[in-house]
Amino acid sequence: MIVAPRDDVAVHAPDPAAAEPLMSSGTPHLYAGVVEGTGVVGPFVLPGETGCAGCLHESRTDRDPTWPRLVAQWRSGRQRQVRPCDLTLATTVAGLAAAHALAFLDGRVPTTAGARWEVSLPALHWHARPVLAHPACPCAAAERGKGEHLSEDGESEETMAVQRPSAQCREAATERPAGTWRAHV
């Protein structure tokens with residue numbers, strides 16, 4: 001499932017509570033959004049295995065203890081009108097989000113698993129920013145994989161946030177055990 005908020009705060013700081021039904025059902029999901037001249041794709045969340053919106057929030061709180069208060073202030077008050085964004089940038093972000101969702105459906109782990117790709121106008125220079133699993137997050141991804149997506153044999157693999165071409169992505173097993181990931185696109 002692709003989560004594409006129209007609110008500028010939700011693009012930069014996804015609300016962990018909004019993803020709770022997806023997390024509890026084990027549904028993989030990908031965040032994508034555009035605010036004015038900035039586009040964001042990721043993280044692609046594999047519940048319990050990769051960093052999620054809660055991990056992102058906890059990591060930001062570690063760096064800046066006032067972060068929760070700032071986000072609460074931004075989200076309070078009246079609903080703001082959706083601002084216009086650059087059409088070309090929005091199309092680019094939508095295309096990248098679709099490509100990452102399709103890569104997952106084809107059995108690959110997209111490079112946004114454990115990372116957020118950010119791009120800004122006018123240069124369209126992409127940056128990958130890691131979204132590591134946080135030990136304080138209730139998603140428990142930090143306990144299982146120490147912030148990395150693990151292979152089927154339980155060994156650590158090179159993370160996807162190193163910006164290598166998607167053709168080099170590790171192929172996932174053709175069959176997934178019952179009750180694991182459900183893909184909704």
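Coordinate-derived values only; no laboratory data. This one's a predicted model, so the numbers in the text were calculated from it and none came from an experiment. Positions of Cβ are generated from backbone atoms using ideal geometry, with glycine treated the same way; all protein chains shown enter the neighbour counts.
Things to note:
- Residues in segment 72-118 that are touching a strand residue (DSSP E or B) at 6+ places or on another chain (Cβ under 8 Å) and of a type in the set (D, E, K, R): 5 in all.
- Selection from segment 91-112 of residues that are buried (at least 16 other Cβ atoms within 10 Å of the Cβ), of a type in the set (A, V, I, L, M) and either out of contact with any Leu (no Cβ under 9 Å at 6 or more places or on another chain) or assigned to a loop (DSSP other than H, G, I, E, B) (or both): VAL93, ALA94, LEU96, ALA103, VAL109
- Within segment 30-44, the set of residues being in contact (Cβ under 8 Å) with a residue 60 or more places away in the chain and buried (at least 18 other Cβ atoms within 10 Å of the Cβ) comprises LEU30, TYR31, ALA32, GLY33, THR38, GLY39, VAL40, VAL41, GLY42, PRO43, PHE44.
- Scanning segment 1-21 for residues that are more than 20 Å from ARG78 (Cα to Cα) and in contact with a strand residue (DSSP E or B) (Cβ under 9 Å, 6 or more places away or on another chain) yields a total of 5.
- Number of the condition not met by ALA94 [criteria: (1) under 18 Å from the mean Cα position of the chain (by Cα); (2) over 24 Å from THR27 (Cβ atoms)]: (2)
- Residues in segment 11-52 that are part of a strand (DSSP E or B) and under 12 Å from the mean Cα position of the chain (by Cα): 11 in all.
- Test: residue in segment 54-77 that is under 15 Å from ARG129 (Cβ atoms) and either in a loop (DSSP other than H, G, I, E, B) or under 11 Å from the mean Cα position of the chain (by Cα) (or both): yes
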